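Inspection log for the structure reproduced underneath, given as structure tokens.
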Amino acid sequence: MITDNLEELFDVVDENNNVVGKATRGEVHTKGLWHRAIHVLILNSKKEILLQKRSMTKELYKGYWIDTAGHVDSGESYEETAKREMKEEIGIDTELEHLFDCTKYTGNDNEFIRVFLGHHDGPFEINKNEMDFVKFFPIKKIFEMIKTEKITPGTLSILKELEKHPELLKRLMGE
């Protein structure tokens, strides 16, 4: 059973991230329409990043590792989505800093992604429809996990973008 709402409405965007229409979650993923998403890197006081092990009831990427992430609903801002997703997925509210924007193209799941940074040590209220559990990892370990673990394409896009910004990577690692 899939726990995602396939009728949820998203804004469809063009190659410049301008809204050109609306479609359901099911449609955007079936037709490969470009849409918007957020990712939030939750950093604890030990400079570790929180990853979620996705539930096997998710529409896409069942059992994969992901940071805190979600789709931008039609008419919603990136910032509103980030706050909503943190509350829905892990039960927290924290200040957010916009880090960068990037894209993810997989053919069926094509997104303009806004990446935020938040700080929190927990505890977390886990939404079992979204994930099985959460765990903090040092960022160096996450880069090692790319070789051995299933990591969502969105999180992989973010890690590739971080590699292009060594000053940001050092900041996240506490160096």
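The values are calculated or read from the model by the stated rules, or taken from the named source; none is laboratory data. Computed from a prediction, not measured in an experiment: that's the story for all the values here. Methodologically, a virtual Cβ is constructed for each residue, glycine included, from the backbone with ideal geometry; neighbour enumeration extends over all protein chains shown.
Within region 74-88, is even one residue part of a strand (DSSP E or B) and of a type in the set (D, E, K, R)? Can you show your working first?
So in region 74-88, the residues part of a strand (DSSP E or B) come out as none.
No.
Let's see how each residue does on (1) in contact (Cβ under 8 Å) with a residue 24 or more places away in the chain; (2) touching a strand residue (DSSP E or B) at 6+ places or on another chain (Cβ under 6 Å); (3) surrounded by fewer than 19 Cβ atoms within 10 Å (Cβ to Cβ); (4) among the hydrophobic types (A, V, I, L, M, F, W, C):
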position	(1), (2), (3), (4)
His39	yes, yes, no, no
Lys47	yes, no, yes, no
Lys58	yes, no, yes, no
Lys87	no, no, yes, no
Thr94	yes, yes, yes, no
If you take the residues of region 120-148 that are acidic (Asp, Glu) and over 17 Å from the mean Cα position of the chain (by Cα), which of them is nearest to Lys46 (Cα to Cα)? Asp121
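Taking the condition farther than 23 Å from Phe137 by Cα, in contact with a Ser or Thr (Cβ under 9 Å, 6 or more places away or on another chain) and at pLDDT below 95, does Glu8 pass?
yes
Here are Lys53, Lys62, Lys46: which of them is out of contact with any helix residue (DSSP H, G or I) (no Cβ under 8 Å at 6 or more places or on another chain), over 19 Å from Asn108 (Cβ atoms), of a type outside the set (Phe, Trp, Tyr) and in a loop (DSSP other than H, G, I, E, B)? Outline the logic, then answer.
Details: Lys53 fails: in a loop (DSSP other than H, G, I, E, B); Lys62 fails: over 19 Å from Asn108 (Cβ atoms).
Exactly one of Lys53, Lys62, Lys46 is out of contact with any helix residue (DSSP H, G or I) (no Cβ under 8 Å at 6 or more places or on another chain), over 19 Å from Asn108 (Cβ atoms), of a type outside the set (Phe, Trp, Tyr) and in a loop (DSSP other than H, G, I, E, B), namely Lys46.
Restricting attention to region 99-106, does a residue exist that is among the aromatic types (Phe, Trp, Tyr), modelled with pLDDT under 95 and either under 16 Å from the mean Cα position of the chain (by Cα) or in a strand (DSSP E or B) (or both)?
Applying the first criterion (among the aromatic types (Phe, Trp, Tyr)) to region 99-106 yields 100, 105.
Cutting the leftovers down to modelled with pLDDT under 95 gives us 105.
Filter once more, so that each one left must be either under 16 Å from the mean Cα position of the chain (by Cα) or in a strand (DSSP E or B) (or both): 105.
Checking region 99-106: at least one residue is among the aromatic types (Phe, Trp, Tyr), modelled with pLDDT under 95 and either under 16 Å from the mean Cα position of the chain (by Cα) or in a strand (DSSP E or B) (or both).
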Against the conditions (1) part of a loop (DSSP other than H, G, I, E, B); (2) under 19 Å from Ala37 (Cβ atoms); (3) not aliphatic (A, V, I, L, M), where does Lys128 fall short? Just the number, please. (2)
Residues that are in contact with a helix residue (DSSP H, G or I) (Cβ under 8 Å, 6 or more places away or on another chain), more than 22 Å from Thr30 (Cα to Cα) and among the basic types (Lys, Arg): does region 142-165 have at least one? no
Conditions: (1) at pLDDT 95 or above; (2) surrounded by fewer than 20 Cβ atoms within 10 Å (Cβ to Cβ); (3) under 20 Å from Thr30 (Cα atoms); (4) touching a helix residue (DSSP H, G or I) at 6+ places or on another chain (Cβ under 8 Å). Ser74 meets all but one. Number of the miss? (4)
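Quickly run through region 131-161 and pick out the residues that are part of a loop (DSSP other than H, G, I, E, B) and over 13 Å from Lys53 (Cβ atoms).
Keep residues of region 131-161 that are part of a loop (DSSP other than H, G, I, E, B), which gives 146-150, 152.
Matches in region 131-161: Ile146, Lys147, Thr148.
Filter region 9-30 for residues that are farther than 24 Å from His98 by Cβ and touching a residue at least 40 places away in the same chain (Cβ under 8 Å); which is surrounded by the most Cβ atoms within 10 Å (Cβ to Cβ)?
First, pick out the residues of region 9-30 that are farther than 24 Å from His98 by Cβ: 9, 21-27, 29-30.
Narrowing the set further to residues that are touching a residue at least 40 places away in the same chain (Cβ under 8 Å) leaves 9, 22, 25, 29-30.
Working: Leu9: 17, Lys22: 15, Arg25: 19, His29: 21, Thr30: 12.
Out of the qualifying residues, it is His29.
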